[in-house]
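The values are calculated or read from the model by the stated rules, or taken from the named source; none is laboratory data. All values reported here derive from a predicted model rather than from experimental measurement. Cβ coordinates were reconstructed from backbone atoms using ideal geometry, including for glycine residues, and neighbour counts include every protein chain displayed. Just so you know, the surface numbers come from the protein's heavy atoms only, side chains and all, with ligands and any DNA or RNA stripped out. Shrake-Rupley method; radii C 1.70, N 1.55, O 1.52, S 1.80 Å.
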Amino acid sequence: MPTYDYVPHAPGYVDNDGPKIVTSRFVHEDSHTLERYEATNGYEGLRRALDRTPADVHEEVRDAVVLGRGGAGFPAGVKWGFMPPGKFPYYLVVNGDESEPGTYKDRLLMERDPHQLIEGCLITCYALGLSQCFLYVRGEMPAAQENLAQALNEAYAKGYVGKNIMGTEFSVDITLTWGAGAYIVGEETALIESLEGNRGMPRLKPPFFPAAIGLYGQPTIVNNVETLSNLPWLLVNGFEQYKAHGSEASPGSRMVAVSGHVNRPGVYEIEQGVTTFRDLLYGDNFCRGIRNDNELKMFVPGGGSAPWFFPEQLDLPLEGRTVGAEGSMLGSGAIMVMDETTDAVKAALRLVRFYARESCGKCTPCREGTTWEERILQRILDGEGRPSDIDKLLDIADNISPGPYPVAADPSQGLDAVPFPPKQTTICPLGPSSVAPITSTIRRFRHEYEAKITKRDSIPVMAAPMSSDPVEVG
Amino acid sequence: MTAVENEKSTVTVTLNGVEIEANPGELLIDAAERHGTYIPRFCYHSRMKSVGMCRMCLVEVDSGRGPALQPSCMIPVGEGMTVDTESEATKKAQDGVLEFLLINHPLDCPVCDKGGECPLQDQTVAFGPGESRFVEEKRHYEKPIPISDTVYLDRERCILCDRCTRFADDVAGDTLIHFMDRGNSTQVNTFPDEPFASYFSGNTVQICPVGALTAKPYRFKARPWDLEETISTAWIDSVGSRVTIQSSRNQVLRLLGVDADSVNWGWLSDKERFGFEALNSEDRLTAPMVRVDGRLEATGWAPALAAATDALRDVDPARIGVIGGARLTNESQYAWTKLAKGVLGTDNVDAQLGDGLPVEAVLGLPRATINQACTPGRTVILVGPDPKEDLGALFLRLRHAVVNDGTTLIELTPTRTGLSTIAAHSLHPKPGEVDLLAAALVDAVSGDAHDAAGVPANAIAAAAASISGPVTVVLGRASVAESAAVTVDAAIALSQLEGVGFLSALRRGNVHGALDMGMAPGLLPGRVPLRAGCDAFDQVPTEVGMDTIAMLEAAASGDLDVLVLLGSDPLSDVPDADLAERGLAGAGTVIAVEMLPNASTLTHADLVLPAAAPTEVDGTFTNLEGRVSVAEQKVTPPGTARADWMIAAELALRLGADLGVESPESIRAEIAVVSPVHAKLTETALADGRVEGVLISGSSIEAPTASGSTTPANDAYSLRLVAARRMYDNGTMLQASASSAGLAASVKVTLNPTDFEKLGLDAGTVVKVISGRGELMAPLAADFGVPAGSAMIPTNAPGSNVNTLIDASASVTDVRVERA
């Protein structure tokens, strides 16, 4: 057994012999200080970037194919190229509103290595000619806020941020902003609305994406914390070394957060596109198998919004494109594992309830549909289900996300996978996300639903007797 | 080939298999509707920004990447776009949205005011499923909660379309209602302890697509299918907003805004919308009254008219006066002018009450329309009252132009206004010195910036530099405590700007019609001076007569035998209460032609003739642009009240003259012949302009000449008075409107807080305000929007009338403020 294990001061982080592109400093107790950061090659990437032309730095990022780590997995270098030329000012917004169920990797990056994120922001600003960056951090992460604020103060004091950075003509201001705890603000256009001081509700994207019309109507790049945290290492080591990690299509490493019925849940940095789900869940370096040697029933491969996977999908690599083709998404890299003791309907309800509560209330199908789904599931669990409920659930799902919903293959029933992404009648994917647990479980475990509805395998709630006589209890 | 020709002026879209031509940038939902395909919608409103919230207008759109469901209210048409509004996918999505909207919507249609005219009900009847699949308990909220004094909100019925909240935020700028909570608990509400006290709250009721918002005056009054309606014109102010008057059983029950592109875009101020309540008031005059032993007693028309004729017969025309007439239709105004000037031979006729502007300033300067003022890229200079308080619908148009279309707004006003927050420059001259500031602004445009009226040179230079495109001056009396001459001089100065146009901000309903119909001294119908003569009149006065102030002065000294109050209340409105009282007391016979008794009628009229209201007569109104639009009779007058033109005709007959008027149409025909500017106002033109009206232009009135008056400096102990109107005041019509009467705030004296220390006073203190003319008591209020050295008191506010402080003959009024 390797000696590596949890790092006490980086809660949940498991130190192993995997790649160390973004988590290299987590083993140090003072990893969040400028002193430690400078002692471990800190701000070297920025220094090297400043010696090159901005276009050159942009080219480096494009060549490295740094895929977005927030959910959609779009290459950062390409996204940066979408900004219309000459429409100054441009803004960089860092999405630190990590709130996808099961995800807790960005929090660690912000708490344990804030300077790495700041340096990543500076490199981005330099590459794109930006002078203003907004760090939007989720309100429920006070430690991340405190460490980032302290790091920013240190960086300003040392001349890494502010006017004439490192004695050059390059100047950037970074503004730290607290969120107020809405899940939807993790969606980039809702985040922009919130940053502008409005209620966090998504904007319709086509025809205008934030890169064209974003914060205050200006071209805006919204990047995830982990994405930007890759850049310092990339600038120091170059894109060739970066691409030596991971797979051809998905280079580099990736942070994943595993939770649920495994022996060692935690955050791991893995080889992107190489490590498989089986490695991750059963490997000694990683989660060390299912608890009590139980059977794996199902797992969510990429955050609460992802359609579910089953044991048949265990040998897929953790790679966005592959997972998408197989009917789900890698999303935010959160894997939630459920063993054979899990009640599929209850599990579905738990996630659907999250989406119902977190719907921003803008689009009718999401606002009304998610709550309706939640109430039907609750009713089924309460023993008040009706035979028509299963088809009704699927039809409500179809009204939120029309057409075949992405789902994994089921060889036992001879069913093929429906590839990601789903269609939607809503502006953002929150509503369609609530559909994932329903379609995934009904397709695979319809019998569990039917058992609850027809066989009444839980005690039905009885109506009070019509008689006015008091009922003897006990 | 020019660049313009190179650009294709239309976009071709395939709509349900048929190619249609759409305008570039047009939204799909609008393009489809123009071509006969109505896409269902709840949140979309053509006068507000799209939000794509309700998702009802989802249609299948293929822009080259395969068909996808898109909200047609947010997608601009694109060349080669293929749209299917009838596909299976479209129908399924729309049915799904409809079901989602209905699951929590209460089934209280039978008791809902919207039932029968409800888009949600209509859509459901047309396309919805017959049965509900929703077996759960519906969402519950407390049934209607009052969110303001007039508007109730039923959150159970609300479908969260964002229309009311968008209106409050984007259109009115009163961000007082908003979404709160999230998910299924999302609801519209006010902020705690802050009611939706907006002058425009009634618009949210009109645009609500369900029965969530209801207004007190119409709640449970009628069912939509029992209503009869006609398009007419609002009469409360001079914007001339187009309205639909709806009535049932011969009673007006509701007014709705009509989307006239040149005027009000469908919006109304609450005063316009709910003002009809006064017309249904129990206080309406239903029979003529005559004063017997000091008391008004009801009588018949025959004795009343005989008494009026006796008073008027054989009187020296110079000793007869007519004050008022802005309430009347153009046709009635013409008849009264013909009676006064053509039959009685007096030129002492004035529709304004000393609180307006001289004729030359309104008719003698180049005029602009609302649309010209609001054209993108132009500049508006406000020299006049706060449009938000005086001319609600104009305020909404100007606000839209400044916020959305890049119109530059420069204010030259004595205090902050409802537009100040969005104005490019708010310059506040000392009261009585706006003429100096206007001249300085013109100087600054030509490069010579200097201090003026207490405003520093750099501020004036910055304002001058911001002027772009042609200028529209919104011109009116910002304060009745300073003389009209100051405003006229400011207008003369600004008229030197290149391409300038003037938009009158005189407030009273049909005051512009009154001027066009000759209801001012020295004027005849058709914007012509007396010397131009009038063929249709038996005689025309040769001497220019007296205006209201002069008439009251003459009456006070016993030189007026008959004074006709034509829908006017000098005691409340003439900015010199003392003069008004002396004038009314000193006049011989006072004859009032009125809908509702007012202070002047009750105390001084010897004879009262009941007049019909605007909803009870046919005719036309003229708005502040000179736009003539139809006012149509919807109900019959109460009791024996008559149209004003009939009263004029009856009086003329009894005086032995025939006005030759038989109906509003016959009067209009005569106006079109008599007035050179109304020649094109044919019945056909009016019918064609049923919504937009007919714009009357041209004038034979000469431009005003500078008064040469100067404003004296005030001493260190006094403050200079600003007397400005508020939307809700003690006016007769407003106080007779049940749901609006309580909205008038009681009188306050507002000072800049920096003046408090100097005076040793604080906000809330009750003070005595003393002028050379009189005094009043009122509490103090603080507002940095009032410049230091000025004291703002609203006109005709409940409590005390600021007019008691004002001397009509002085150019400004200085007051001392003391602890009471």
TODO: Could you tell me the distance between the Cα centroids of segment B:623-673 and segment B:738-765, to the nearest Å?
DONE: 44
Task: Candidate residues B:Y141, B:Y218, A:Y355: accessible-area rank, largest first, probe 1.4 Å - done: B:Y141, B:Y218, A:Y355
Open item on the list: Taking every DSSP beta bridge with both residues inside segment A:34-243, roughly what % is antiparallel (nearest 5)?
Closed with: 10
Open item on the list: Under the rule of at least 5 residues apart or a separate chain, name every residue whose amide H is placed under 5 Å from the amide H of B:V590.
Closed with: B:L563, B:D606, B:L607
TODO: Heads up, I need the accessible area for B:I381: 1.4 angstrom probe, whole protein in place, Å², nearest 10.
DONE: 0
Task: Solvent accessible area, Å² - A:E35, 1.4 Å probe, full protein context - done: 150
Task: Surface per residue (accessible, 1.4 Å probe) for segment B:349-494, Å² - done: 27
Open item on the list: Restricting to DSSP H runs of at least four residues, report the calculated mean residue ellipticity at 222 nm for chain B, -39500 (n - 2.57) per run over all residues, nearest 500 deg cm²/dmol.
Closed with: -6500 deg cm²/dmol
Task: Neighbouring partner chain Cβ atoms per residue of A:390-402, average, 10 Å criterion - done: 3
Task: List A:R321, A:R69, ordered by accessible area with a 1.4 Å probe, largest first - done: A:R321, A:R69
Open item on the list: Cross-link candidates for A:K362: which lysines have Cα within less than 24 Å, leaving aside residues fewer than 8 places away along the same chain?
Closed with: A:K205, A:K392, A:K423, B:K49, B:K91, B:K92, B:K114, B:K138, B:K143
Task: Other-chain or far-sequence residues with amide H under 5 Å of A:A211's (modelled H) - done: A:T220
Open item on the list: Cut-off under 18 Å on the C-alpha distance; same-chain residues fewer than 8 positions from A:K243 excluded. Which lysines are left, in chain and number order?
Closed with: A:K20
Task: Pairwise centroid distance, computed over Cα atoms, of segment B:554-601 with segment A:66-99, Å - done: 73
Open item on the list: Compute the helix-to-body angle for B:301-312: its Cα long axis versus the longest principal axis of chain B, expressed 0 to 90° and rounded to tens.
Closed with: 50
- [ ] Give the cysteines in chain B for which no other Cys Cβ lies under 4.7 Å away, or write none if there are none.
- [x] B:C57, B:C73, B:C109, B:C112, B:C118, B:C158, B:C164, B:C208, B:C374, B:C534
- [ ] Taking a probe of 1.4 Å and counting only protein heavy atoms, give the total accessible area buried between chains A and B in Å², rounded to the nearest 100.
- [x] 3000
Open item on the list: Quick query: amide H of B:E411 versus all other amide H atoms, modeled in the peptide plane; which residues come in under 5 Å with a sequence gap of 5 or more or a different chain?
Closed with: B:L382, B:H425, B:S426, B:L427
Open item on the list: Taking θ = phi - 60°, what integer Hz values does the Karplus form 6.51 cos²θ - 1.76 cosθ + 1.60 yield along segment B:380-393, in sequence order, with x for Gly and Pro?
Closed with: 10, 10, 9, 10, x, x, 5, x, 5, 8, 9, 9, x, 5
Task: Inter-chain shielding of B:174-186 (mean C-beta neighbours from other protein chains, 10 Å cut-off) - done: 5
TODO: Return the percentage of antiparallel bridges among DSSP beta bridges fully within the protein assembly as shown, rounded to the nearest 5 %.
DONE: 55
Open item on the list: If I fit a long axis through the Cα atoms of helix B:484-494 and take the longest principal axis of the Cα atoms of chain B, what angle between them do I get, 0 to 90°, rounded to 10?
Closed with: 60
Task: Principal semi-axes in Å for chain B [√(5λ), Cα gyration tensor, largest first] - done: 46, 32, 28
- [ ] Scan segment A:277-354 for GluC sites (Glu not before Pro) in coil per DSSP, keeping those whose Cβ has at most 15 other Cβ atoms within 10 Å, and list them by number.
- [x] A:E295, A:E340
Open item on the list: Below 26 Å, Cα to Cα, which lysines can B:K338 reach? Residues fewer than 8 away in the same chain don't count.
Closed with: B:K680
- [ ] Ignore the peptide's own chain and count Cβ atoms of other chains within 10 Å of each Cβ in B:91-104; give me the average, rounded.
- [x] 5
Task: Accessible surface, 1.4 Å probe, highest first, among residues B:T487, B:T190 - done: B:T190, B:T487
Task: Within chain A, helix-based [θ] at 222 nm, where runs of 4 or more DSSP H residues each add -39,500 (n - 2.57), nearest 500 - done: -11000 deg cm²/dmol
Open item on the list: Loop-only trypsin sites (Lys or Arg not before Pro) in segment B:301-387, please: DSSP not H, G, I, E or B, and at most 16 other Cβ atoms within 10 Å.
Closed with: B:R313
Open item on the list: Can you compute 3J(HN,Hα) from phi for each residue in segment A:270-283, using the Karplus curve 6.51 cos²θ - 1.76 cosθ + 1.60 with θ = phi - 60°, rounded to whole Hz and x for Gly and Pro?
Closed with: 10, 6, 5, x, 10, 4, 9, 5, 5, 3, 5, 7, 10, x
TODO: Find the centroid of the Cα atoms in segment A:403-438 and in segment A:211-227, then give the distance between the two in whole Å.
DONE: 28
Open item on the list: Sorting check: for A:343-354, A:234-245, B:635-646, which peptide has the highest mean count of neighbouring beta carbons within 10 Å, and how do the rest follow?
Closed with: A:343-354, B:635-646, A:234-245
Open item on the list: I need two numbers for chain A: Rg to one decimal and Dmax as a whole number, Cα atoms only, in Å.
Closed with: 23.6, 89
